[in-house]
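Read the structure below first, then the notes.
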Amino acid sequence: MTNHEFPAGSERAAPCAGLRIGDLAPDFSARSTTGDVRLSDYRGRWLVLVSHPADFTPVCTTEFVALARAAEEFERRDCALMALSVDSLFSHFAWLRMIRDRFGIEVRFPIIEDPTLVIARAYGMVAPQDSDSATVRATFFIDPEGVIRAMSCYPANVGRSTQEMIRTLDALQAVDEGTGLAPANWEPGESLLRHPRATLEDVFAADGQADWFLQHAEQESSR
């Protein structure tokens, strides 16, 4: 039996070409640094799933230190963190011990092992013909219904911004709570944009030439 398995039929739901925003995140079970985990067990709350190329690499180490330090910020937003790499579970353990001893921070969110690339291929993190994930640095924002709401992909030599991950999560939650749209560089506490009006009468009746499609709406923030 492999260290991770997909429910019957789910392999076909996620082609190797990758996933799109709005797709249901493929379910899986796997061994991790916190024990066996199943993705569907996180239904009912947000989840950020990240992949990294390998343990004991410089950029990945800085990312995991940053994520561990920001873990409470994600938890405050009712969002869990989960990571994945092709390295073995024992490699993960050794790496997390090194991070704790060197940086004084404990990584407590689960890190999945994926040595056969089953999960990485199902999520489009690697191409079907690839034998390793050396170029993978993907992030999936999964909502409480298990739907992928946002994705990002960075090359192996560029690390992610933890603050941008939190901002993205804040924006997704804000548009879910209201009826607006999050503009460029939106931050919690700022107003959202109204949805454009949909009739010609509204267009002609607007005070300004752009008011029918570009207006801010008041948005209260609990942050």
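Tabulated results
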| read-out | value |
| --- | --- |
| Segment residue 90-residue 203, extension gain: residue separation times 0.36 nm, minus the distance between their alpha carbons | 34.5 nm |
| Candidate values (1) 19.8, 66; (2) 17.2, 54; (3) 16.7, 48, label of the one derived for Rg and Dmax of the Cα atoms in Å | (1) |
| Rel. contact order, % - alpha carbon contacts under 8 angstrom, at least six apart, the chain | 21 percent |
| Computed FRET value (nearest 0.05) for residue 21 with residue 163, which takes r as the C-beta separation and R₀ as 30 Å | 0.90 |
| Structure-based [θ]222 nm, the chain - -39500 (n - 2.57) summed over DSSP H runs of at least 4, per residue, nearest 500 | -8000 deg cm²/dmol |
| Extension gain (nm, one decimal) between residue 214 and residue 187, 0.36 nm per residue minus Cα-Cα | 7.9 nm |
| Relative contact order of segment 178-223, pairs being alpha-carbon contacts under 8 Å that are 6 or more residues apart, as % | 44 percent |
| Share, in percent, of DSSP beta bridges within the chain that are antiparallel, nearest 5 | 65 percent |
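Only the coordinates and a few stated rules stand behind these numbers; no lab work does. It should be emphasised that the depicted structure is a prediction, and the values quoted were computed from it without experimental measurement. Cβ coordinates were reconstructed from backbone atoms using ideal geometry, including for glycine residues, and neighbour counts include every protein chain displayed.
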